[in-house]
Amino acid sequence: MTTTPTRTITPPRALNASRTTATAARVLRQLTHDPRTIALMILVPCVMLFLLRYVFDGSPRTFDNIGASLLGIFPLITMFLVTSIATLRERTSGTLERLLAMPLGKGDLIAGYALAFGTLAIIQSALATGLAVWFLDLDVTGSPWLLLLVALLDALLGTALGLFVSAFAASEFQAVQFMPAVIFPQLLLCGLFTPRDTMHPALEAVSDVLPMSYAVDGMNEVLRHTDMTATFVRDALIVAGCALLVLILGAATLRRRTA
């Protein structure tokens, strides 16, 4: 009589701070060996804002109107690109497979990646906000610290989206191809080019469920109001909540390809 082997179901591991920080430190060490990636994440948003300021050199008010919104959009786009490609390299090189074979929970792994790229997002957002407000004379009514907060949340959202879509790409080229599908619709419908309430009702309804719309709304609140408003708090919480939700979905896509 043959016996059927029973499969042991391992309960999910709780997040462990030491494992999470060790994963983040490893990712950061790898990134330090790739100066082009660091330059893309840190410098490109600053360069784009600098160019934008002097594109509208004869119309500074136009820069004030759209500069705050783009201060949040540029970090989201760059962090999405870098994170999706970097994470895909981990998957295709077998590094992720080896890590999942170790006593390392999915939560620890995804939190470690988020912590590493989130650290770079803080640096990126601080530099871009400081450049826009104190060197390019972006005129905002509210506190520059609130601009920094929204820019940071946008960068973290881009990180979360990049981690998530990397699970569905088989090559770096495919990872880049997700940008038109994930980023461009949000860019068109977020209210950057025209107020969302003037769009066709169907498009306005779609924009209401896209996180970039609330990022732009939050920046506009800082642009127009001296104090933190309830609308700003709502927008910031929605962006943060979307980032957390996408990180959870990203953790669900982490699985070993071999038994």
Worksheet item: Only one of (1) farther than 23 Å from THR21 by Cβ; (2) open to solvent by less than 60 Å² (accessible area, probe 1.4 Å); (3) in contact (Cβ under 8 Å) with a residue 24 or more places away in the chain fails for GLU172. Which number is that?
Response: (2)
Discussion item. If ASP227 meets every condition in (1) among the acidic types (Asp, Glu); (2) in a loop (DSSP other than H, G, I, E, B); (3) open to solvent by less than 60 Å² (accessible area, probe 1.4 Å) apart from one, which number is that one?
Written reply: (3)
Worksheet item: Within the set of pairs 6 or more residues apart or between chains, which connect a residue that is under 12 Å from ILE110 (Cα atoms) inside segment 15-28 to a residue that is open to solvent by 70 Å² or more (accessible area, probe 1.4 Å) and in a helix (DSSP H, G or I) with Cβ atoms less than 6 Å apart?
Response: ALA24/LEU115
Worksheet item: Out of all the residues in segment 41-93, which are open to solvent by 40 Å² or more (accessible area, probe 1.4 Å), within 29 Å of PHE164 (Cα to Cα) and of a type in the set (Lys, Arg)?
Response: ARG89
Practice prompt. Look through segment 192-203, keep the residues that are assigned to a loop (DSSP other than H, G, I, E, B) and modelled with pLDDT under 90, and return whichever of them is least open to solvent (accessible area, probe 1.4 Å).
Written response: LEU192
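Of the residues that sit in segment 20-40 and are of a type in the set (D, E, K, R) and open to solvent by less than 50 Å² (accessible area, probe 1.4 Å), which one is farthest from PHE80 (Cα to Cα)?
Within segment 20-40, the first condition is being of a type in the set (D, E, K, R), and the residues that meet it are 26, 29, 34, 36.
Narrowing further to those that are open to solvent by less than 50 Å² (accessible area, probe 1.4 Å): 26, 34.
Details: ARG26: 20, ASP34: 17 Å.
Result: ARG26.
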Item to complete: Please enumerate the residues belonging to segment 133-159 that are of a type in the set (S, T, N, Q) and touching a Pro at 6+ places or on another chain (Cβ under 7 Å).
Response: none
Item to complete: Starting from residues that are under 22 Å from ALA128 (Cα atoms) and free of Cβ contacts under 8 Å to residues at least 40 places away in the same chain, keep the ones in segment 204-224 and report whichever is surrounded by the most Cβ atoms within 10 Å (Cβ to Cβ).
Response: TYR214
Item to complete: Among the residues of segment 225-259, write down those that are free of Cβ contacts under 8 Å to residues at least 12 places away in the same chain, under 23 Å from LEU147 (Cα atoms) and among the small types (Gly, Ala, Ser).
Response: ALA230, GLY241
Worksheet item: What number of residues within segment 177-191 are surrounded by fewer than 20 Cβ atoms within 10 Å (Cβ to Cβ) and within 21 Å of SER125 (Cβ to Cβ)?
Response: 4
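In segment 159-172, is there at least one residue being over 23 Å from LEU244 (Cα atoms), modelled with pLDDT under 85 and in a helix (DSSP H, G or I)?
Just the residues of segment 159-172 that are over 23 Å from LEU244 (Cα atoms), to begin with: 170-172.
Now restrict to residues that are modelled with pLDDT under 85: 170-172.
Filter once more, so that each one left must be in a helix (DSSP H, G or I): 172.
Yes, that holds for at least one residue.
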Discussion item. So in segment 94-148, with the set limited to residues that are part of a loop (DSSP other than H, G, I, E, B) and surrounded by fewer than 17 Cβ atoms within 10 Å (Cβ to Cβ), which one is modelled with the lowest pLDDT?
Written reply: PRO103
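The values are calculated or read from the model by the stated rules, or taken from the named source; none is laboratory data. As the structure is a computational prediction, the values presented were derived from the model and not from experiment. Glycine gets a Cβ as well: all are built from the backbone with ideal geometry, and neighbour counts include every protein chain shown. These accessible areas exclude ligands, DNA and RNA; they are computed on the full protein's heavy atoms, side chains included. Shrake-Rupley method; radii C 1.70, N 1.55, O 1.52, S 1.80 Å.
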